[in-house]
Amino acid sequence: MGRILAIDYGRKRCGVAATDVLRICANGLPTVRTCDLMDFIKDYCGRETVDEIVVGEPRDMHGNPSESMNYIRPFLNRLRKEMPGMKVVMVDERFTSAIAHREMLAGGFSKKQRAEKGRADEMAAVLILTSYLESSSMRFKL
């Protein structure tokens, strides 16, 4: 069984998370500059067995795709083209950034730690992946 990789795609940088080999928990990986993301994914998939990639799908309050999809779609097209055998899944990412900031506050992160670029992106990727894992486990229990 391979890992699942999750991406919180942003214009400047992307949060990344991956499961452990048993797919029990999500762990944050270093934040990656958006321009380096495809190389990072290929390198990671070359070192680790990855069965699928989960990408956060930004939606508005009504559940419609947000304007951010305009810059995520080209990335998805490139990902599917450069990694044709990889399963790519979109997961609703509404509120993940807000939840990440709230979790940092609850976790006792200092103001300086919370201000570090990429920390919220990493946590958002972990939240996206955790949400996906929880929804997947619910499907198996039905």
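Worth a mention:
- Taking Lys and Arg as +1 and Asp and Glu as -1, the other residues whose beta-carbon sits under 13 Å from that of residue 45 total -2.
- Dimensionless Rg ratio for region 38-91, taking C-alpha atoms and the 2.2 N^0.38 Å reference: 1.26
- Potential extension, residue 38-residue 130 segment - 0.36 nm per residue separation minus Cα distance: 30.9 nm
- Theoretical FRET efficiency, 1/(1+(r/R0)^6), r = Cβ-Cβ of residue 88 and residue 61, R0 25 Å, to 0.05: 0.50
- Between the listed residues 72, 19, 35, the Cα displaced farthest toward the positive end of the dipole of region 1-78, a dipole computed from Cβ unit charges relative to the Cα centre, is found at 35.
- Peptides 10-22, 39-51, 62-74, ordered by how many other C-beta atoms sit within 10 Å of their residues on average, highest first, read 10-22, 39-51, 62-74.
- Applying 1/(1 + (r/R0)^6) with R0 = 22 Å to the Cβ-Cβ distance of residue 47 and residue 11 gives a FRET efficiency near 0.25.
Laboratory data are not the source of any read-out in this text; all were calculated from the coordinates shown. In this text, all values refer to a predicted model and were calculated from it rather than measured experimentally. No Cβ is skipped: glycine too gets one built from the backbone with ideal geometry, and neighbour counts run over all protein chains shown.
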